[in-house]
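Let me begin by presenting the structure, written as structure tokens, before commenting on it.
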Amino acid sequence: MTSIAPSAPLDDEPHSVAVGLGTRAWASLRNSPLTVIGFLVCLGLVVMAAFAPWIAPFPEDAGAVVKFHQRLQPPSAEHWFGTDLVGRDVLSRIVMGSRISLATAVAVIVAAALIGVPLGVIAAYRGGWTGASIMRINEVFLAIPSLVFVLVVTSLMRPSLPVTIFAIALAWWTWYARLAYGEVLSLKEEQFVDAARTSGASDLRIAFGEILPNLTSVLIVKTTLDLGYVILLGASLGFLGLGPQPPAPEWGTMVAEGREQLPDAWWLTTFPGLAVFAAVVGFNLFGDGLNDILGGRD
Amino acid sequence: MSRFSLSRRAALFASVALLAASFAAPAAAAGDPATLTVITRLTDTGFDPAFHFAEFDGMDVLNLYEPLVYPQKGAAPSGHLAESWDSPDAKVWTFKLRKGVKFHDGKDLRAKDVVYSIDRMLTINKGYSYLWAGLLKPGTTTAVDDYTVKFTLERPFGPFLDTIVQFFVLNSEFMKANTAKEGPFGDNGDYGTAFLKKADAGSGPYTLAEVVPDSRRAYKRFDAYWGGWKDKQFNRVVVQLVGEAATARELIAKGDVDFVDQWQPVEFYKNVAKEPNVTVPETPDMKLYFIQMNTQRPPLDDINFRRAISYAFDYKTAVEQVMGGAVLGQGPIPSSMPGFDASTPKATTDIAKAKEFLAKSKYKPDQFVLEFQFIKAGVHEPISLLFQANMAQLGIKIDIKAEQWPVLTKNAAKPDTAPHFFPVYNTAKYPSPDAFTHGMYHPQSHGGWQAASHYANPQVTKMIDEARTTADAAKRNKLYADAAKIVVDDAAALWVAYPFHRVAVNKRIKNYQHVGVMAFDLRAYNLRYE
Amino acid sequence: MTMRFVVRRFFELAVVLGGLAILIFVISRVLPGDPIRYALGPNASPQQIEQMRTEMGLDESLPVQFIRLVEGSIAGNFGRSTIPPFGSVGIDIATYLPASLELAFFAMILAIALGVPLGVTAALYRDRWPDQASRVLAFSGVAIPVFWLALMIQLVVAFRLGWLPALGRIGRNVAPPIDVTGFYLIDSLLAADIGLFFHCLTFLVLPALALAASPLAMIMRLVRASMLEEMGKDYVLTARANGMPRVLVVYKYMLRNAFSATLTIVGLLVGYFVGSAFIVETVFSWPGLGRYGVRALQFKDFNAIVAVTLVVGIAYAAANTVVTVLYGWLDPRLRLSERK
């Protein structure tokens, strides 16, 4: 899951993204129906989140609503995924819940990248004492597996959506710092950097103006894959009762609540679990496909 | 690879698989009929009567140790290790002990053991020792002779007999021999606390046979038990930890286990009752489910606002749908508790009345967003959703929030941090209305999480104080009940229901009787098998 | 070389774990909530609360508390739990750790034993149906939420089919082996009780399977990739051109490579096992450190939280160090670039 989020393939050389991208993309897409599926799943998820209140048959069911007359109903034409303990439509809750999962994932990745990448670039470019201390701090955060780290941080604060985001981002920036660090280390001896240096550009400019753009494709692949893994981690947190709190329709929390009703009300665990699964598979396939298109290695 | 070696390999594999299957089988079979298998979802927390205060450790303590007096459903406690007792003033209590009671090491139980046990309990000062805080001190209890014990309280305390159902007697010599020198209790070292994590030192019908931490514990019968043994009693009791309702369901349905605890979701009992070999005894519990209102925090400091809320909540749906049936609440004292007064007004839903009271209030309904905090377990979440929906009818906005126990208990401790609404259960720990009045609405109890109403009414305080010093049980209980009526009139909480106690029992188990006092429901000695 | 590396690694670890200890300590002492009050029950008297705070050392200043913690951790004494009967956290950890290790080791073996052959098969049948199937399997394995998988495995294999026990470590009426290592499998073998060994094995299979699913998928893909890379290399082509049987080529050259490829992610996988143990142990009522940790988190048992975190940190670091050393031993080229 989290800790095994495969880091994006590291390229030995900076490559130009523009050259032949379109051709390669087309070829890759044609050869790989899985990438297309992944892309469609991701697109579907984004559309679902964006238009959730219009897509969900009973959008009010995402919140604190009680419909006791129709509690624990199995899947039917009216309620495709059945209803929960207080009679809310499970499908609507899953659709509305996509907003929580996607928002968590995007917020975490943005925060992690904004913290991690600059620190990694600075650590690698400056090296010396600055670099060593950044990377040592990085190691402190990596000293325990992400899930354990996130569990500890959220439980010690008050579990809620912002805390979930904060905690996962706190664990996740390290991967971006490491990625940027590794990439920049190999890039900084390249000719184009030397060229910039001789032309009198400042360190800051070289690091962020010359080197950073070369990380773009690696970062795109990594963030796509990571969106899936963050959704997975967020759901795990919810499952252990440490995610956003009720009545928020968080997928992992829904599985945990449904678990109490197994094996009779199987729909309460099955569908939210499938939603997590679909989202993660989607980002995985799409990220993998992007990797081919952008010229990474398998 | 030759054909021969391949087939030999296949044969080996097959035999290994068979072997594995044959060893898996005995674990699944029910086995010895004289073994009682109980499953619970609560983790074992040790076997020390000085620490226990909850249901899960209570069951262990109850089977391994014995109290002086034993609670009876709806009546005063009866003699157990004590044969008789006497207290003319409710201040000095003299107990005559039963003769011929043996501890598990064969020694006779004497008065000195009782003295040792109460002093140990008070010194360690955890678990139920709060019941005697300010009443008993270590060293004040004396052994008059080998079979007479005298407790001298600091002041008269009427419900003392009720409270000591939670006091269990340990074997003092055996304990002293197993006490570590180093420990926080001075000359008493660790008071044997480390020892009691893996062993027992009691006189109960069972002794601890096996402990597998966080998995199970087993007791075996103590042959020299003073009560004697009859045919069809259980020789062995296994308490298995099962974290999930689905697993529990499967095991009891198959007949693999005999008994499932009361901590499963409501639907579990409904579903499992359909199994041909399972019964689900359902008894009104000496337990209260209530939503506390913080009476010191605006707008709930206004009695009319509180009354409006009391009338707006849909008790019927809560009781019938969420709790799957329960006795509708009638104030804080549970209906099966001695001293319950049936003339206390029932919880009523009446929107017109609610609006009337709201109009009388000095606050406007939309002036505040009120906090409703709960622990994410059991019925609290559906109740909170129902509550929120009900209050919306009055235009009152409720912010519901699940919190973890330590956060809730900390919040509840102070009037300025206690949430507006906080639903909890209160299970009788001793068979007296004292716990449901003094424990909830007397200023001495403020800080505890069942007193999160932070309710203080001098008249009620005075009545409870008077009740506590009254020796006569009938007079005492009347005082408690009258005090409770005033609290109800003051709308300090929503006393929603007295829930049903439900367990799932295999039909081969006979004689199961619900007592209602915390943990006293599963004394394996009372059960018989068929 | 290796020795020096280990020594240096040890000092680095000390620094990192020290940092971790500070981080967790700070978080745990500013936590909202009051575990003491909860630990003593709803009607605890103020004196009881005060006495327990003193017993737990919470009346000391924060720096003193931190020094106590560090001293204690080095001696393996993490203070007392706030959950009745308020036992020593150090003893609790010693009690629950072996169960977790046994589960993790078994899951690791399962993942490698299934992942490597599947990866090899996928590579040998590149772009044919076994490869496609393995791809789907790999993506599913990585993406499936472990808590959900664990529930489903339990529901189907244990309940519906009744093939294997659904929870716990040992049957209700079976006595555990005499405690030597704390690993039931090893202890039962030491006691020469083959029956008990297989009995315990049946309990291990389902949780291990849930835990192994995702690592299995990762290993499979990694092995496939590394096999394909090797297949295109000259020496393999030469060997095959010289008429060496395909099976032999696979065994002789490529598998060794596949295993060292696997080794590179074993360190990461250890992290995965530790993290997911929190979930899998909860679902299967497995009496291990993960379950203990989840309980500690729920009740803010802060000494237990600090201890579990540190133990996990140490185990994780130790595993990674061992892997690095092993890897360097397998592949001498890497010793030089060990800093990366």
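The values are calculated or read from the model by the stated rules, or taken from the named source; none is laboratory data. Here the structure is a predicted model, which is why all the values come from computation and not from measurement. Note that we place each Cβ from the backbone using ideal geometry, even for glycine, and neighbour counts take in every protein chain shown. The protein model used for the area step is the full one, side chains on, heavy atoms only, and it has no ligands, DNA or RNA in it. Shrake-Rupley method; radii C 1.70, N 1.55, O 1.52, S 1.80 Å.
Among the residues of the stretch C:175-232, just one is within 17 Å of the chain's Cα centre (by Cα), open to solvent by 30 Å² or more (accessible area, probe 1.4 Å) and within 14 Å of chain B (Cβ to nearest Cβ), namely C:V205. Residues that are without any contact (Cβ under 8 Å) to a residue 60 or more places away in the chain and more than 9 Å from chain C (Cβ to nearest Cβ): does the stretch A:219-231 have at least one? No, the stretch A:219-231 has no match at all. Select from the stretch C:121-163 the residues that are buried (at least 21 other Cβ atoms within 10 Å of the Cβ) and within 30 Å of C:I186 (Cβ to Cβ) and list them in ascending order. The answer is C:G141, C:V146, C:F147, C:L149, C:A150, C:L151, C:I153, C:Q154.
Candidates in the stretch B:268-277 are the residues that are surrounded by 18 or more Cβ atoms within 10 Å (Cβ to Cβ) and not hydroxyl-bearing (S, T, Y); of these, the one that is farthest from B:M59 (Cα to Cα) is B:N271. Every condition in (1) closer than 30 Å to B:V272 by Cα; (2) among the hydrophobic types (A, V, I, L, M, F, W, C); (3) within 13 Å of another protein chain (Cβ to nearest Cβ) is met by B:F195 except one, and the failing one is (1).
The set of residues in the stretch B:146-162 that are outside any loop (DSSP other than H, G, I, E, B) and open to solvent by less than 40 Å² (accessible area, probe 1.4 Å) comprises B:T148, B:V149, B:F151, B:F160, B:L161, B:D162.
With the condition kept exactly as written, say whether any residue in the stretch B:510-528 is more than 27 Å from B:Y65 (Cα to Cα) and out of contact with any helix residue (DSSP H, G or I) (no Cβ under 7 Å at 6 or more places or on another chain). Within the stretch B:510-528 (the criterion being more than 27 Å from B:Y65 (Cα to Cα) and out of contact with any helix residue (DSSP H, G or I) (no Cβ under 7 Å at 6 or more places or on another chain)), the answer is no, since none of the residues qualifies.
Rundown of residues vs (1) modelled with pLDDT of 85 or more; (2) farther than 25 Å from C:V294 by Cα; (3) part of a helix (DSSP H, G or I), yes/no style:
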site	(1), (2), (3)
C:I24	no, no, yes
C:S28	no, no, yes
C:P84	no, no, no
C:G90	yes, no, yes
C:A94	yes, no, yes
C:E102	yes, no, yes
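Take A:D292 and decide whether it is of a type in the set (D, E, K, R), within 11 Å of chain C (Cβ to nearest Cβ) and under 20 Å from the mean Cα position of the chain (by Cα). No, not satisfied. Screening C:A318 with (1) within 9 Å of chain A (Cβ to nearest Cβ); (2) farther than 23 Å from C:G87 by Cα; (3) open to solvent by 20 Å² or more (accessible area, probe 1.4 Å) gives one miss only, at (1). Within the stretch A:120-157, being aromatic (F, W, Y), open to solvent by 10 Å² or more (accessible area, probe 1.4 Å) and in contact with a helix residue (DSSP H, G or I) (Cβ under 7 Å, 6 or more places away or on another chain) holds for A:Y125, A:F141. Criterion applied to B:A483, B:A504, B:A492 was being within 30 Å of B:P281 (Cβ to Cβ), hydrophobic (A, V, I, L, M, F, W, C) and either touching a Cys at 6+ places or on another chain (Cβ under 8 Å) or buried (at least 23 other Cβ atoms within 10 Å of the Cβ) (or both), and the one residue passing it is B:A504.
Checking each residue in the stretch B:163-187 for being within 14 Å of another protein chain (Cβ to nearest Cβ) and either open to solvent by 10 Å² or more (accessible area, probe 1.4 Å) or without any contact (Cβ under 8 Å) to a residue 24 or more places away in the chain (or both) picks out B:A180, B:E182, B:G183, B:P184, B:F185, B:G186.
Checking the stated criteria, C:F25 turns out to be among the aromatic types (F, W, Y), surrounded by 18 or more Cβ atoms within 10 Å (Cβ to Cβ) and more than 12 Å from chain B (Cβ to nearest Cβ).
Does B:T417 count as free of Cβ contacts under 8 Å to residues at least 60 places away in the same chain, out of contact with any strand residue (DSSP E or B) (no Cβ under 7 Å at 6 or more places or on another chain), in a loop (DSSP other than H, G, I, E, B) and open to solvent by 10 Å² or more (accessible area, probe 1.4 Å)? Taking the combined requirement at face value, the residue satisfies it.
Remark: A:F166 falls outside the filter, which requires a residue to be open to solvent by less than 20 Å² (accessible area, probe 1.4 Å), assigned to a helix (DSSP H, G or I) and free of Cβ contacts under 8 Å to residues at least 60 places away in the same chain.
A single member of C:S100, C:S81 is open to solvent by less than 30 Å² (accessible area, probe 1.4 Å) and over 19 Å from the mean Cα position of the chain (by Cα), and it is C:S81.
Screening C:G33 against (1) touching a helix residue (DSSP H, G or I) at 6+ places or on another chain (Cβ under 6 Å); (2) at negative phi; (3) within 12 Å of chain B (Cβ to nearest Cβ) leaves a single unmet condition, (2). Among the residues making up the stretch A:190-215, those that are touching a residue at least 40 places away in the same chain (Cβ under 8 Å) and more than 12 Å from A:Y125 (Cβ to Cβ) are A:E190, A:F192, A:N214, A:L215. When residues in the stretch B:450-480 are screened for being assigned to a helix (DSSP H, G or I) and either under 11 Å from B:D434 (Cα atoms) or open to solvent by 40 Å² or more (accessible area, probe 1.4 Å) (or both), 17 of them pass. Quick check: anything in the stretch C:249-259 facing chain A (nearest Cβ under 10 Å) and open to solvent by 10 Å² or more (accessible area, probe 1.4 Å)? No, because not a single residue in the stretch C:249-259 is facing chain A (nearest Cβ under 10 Å) and open to solvent by 10 Å² or more (accessible area, probe 1.4 Å).
Looking only at residues of the stretch A:251-263 that are touching a Leu at 6+ places or on another chain (Cβ under 8 Å) and either under 17 Å from A:G97 (Cβ atoms) or in contact (Cβ under 8 Å) with a residue 40 or more places away in the chain (or both), we find that the one that is farthest from the other protein chains (Cβ to nearest Cβ) is A:M254. The selection criterion, being in a loop (DSSP other than H, G, I, E, B) and either open to solvent by less than 10 Å² (accessible area, probe 1.4 Å) or within 30 Å of A:M157 (Cα to Cα) (or both), does not hold for A:P272. Search the stretch B:440-450 for residues being in contact with a strand residue (DSSP E or B) (Cβ under 8 Å, 6 or more places away or on another chain) and closer than 18 Å to B:A491 by Cβ, and hand back the single one that is farthest from the other protein chains (Cβ to nearest Cβ). Filtering first and then ranking leaves B:M440. Residues that are touching a residue at least 60 places away in the same chain (Cβ under 8 Å) and away from chain C (no Cβ under 14 Å) do occur in the stretch B:213-223, at least one of them.
You will find that of B:E267, B:E275, B:E250, B:E173, the residue that is in a helix (DSSP H, G or I) and touching a helix residue (DSSP H, G or I) at 6+ places or on another chain (Cβ under 7 Å) is B:E250 and no other.
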